[in-house]
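Below you'll find the structure, written out as structure tokens, and then a few comments.
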């Protein structure tokens, strides 16, 4: 009898711990439209390799996008949109498994495509701020949210006279310089599920919400992000 009881305990315990935690992750990224910190701060020179922020293909069945009508932070987004001081750059939500440090997969974001008819259009043609990079949810003793982002607000518009050199014999056009500043924004925040968290930075803000849900392994509505 004791042997049977022990075997049943092992079987049911195995099924319990075999269940994989599922999480809904929702992110709002917004900027300070005044941008006064760009002038007030002495920002360091940037030498980091930007290729780590480029979109990479995720393994299949890693993420499932959530329809925007089901977003939980829509009221937060509306309040930000109604403010004269802030502008929402990106709002997205997805479902994923909770994975540890070694297996966690970055979720890549990029708002450049919404400004262009073609995703291959050069960033110099974009007149608004660009945000791109990746966000990673890590499951350990606590939940951790890691952000590796590039924030590119537009520089002040230069006059045409600054882009040309004129003399009596010829007119020389100087190749235009980058039209956007570039700032790398890296952070890691310990999260509590079902709580709204704010990640502050002098240039942008991030509102995040991680909500656990019952992971149905039969769910095949997944998206291979690229």
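The values are calculated or read from the model by the stated rules, or taken from the named source; none is laboratory data. The structure presented is a predicted model; accordingly, all values stated were derived computationally and were not measured. Cβ coordinates were reconstructed from backbone atoms using ideal geometry, including for glycine residues, and neighbour counts include every protein chain displayed.
The figures follow:
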{"quantity": "Any hit, the range 203-216, residues being modelled with pLDDT under 90, closer than 30 Å to residue 70 by Cα and touching a helix residue (DSSP H, G or I) at 6+ places or on another chain (Cβ under 7 Å)", "calculated": "yes"}
{"quantity": "Hey, residue 91 at pLDDT 90 or above and either under 17 Å from residue 138 (Cα atoms) or assigned to a helix (DSSP H, G or I) (or both) or not", "calculated": "no"}
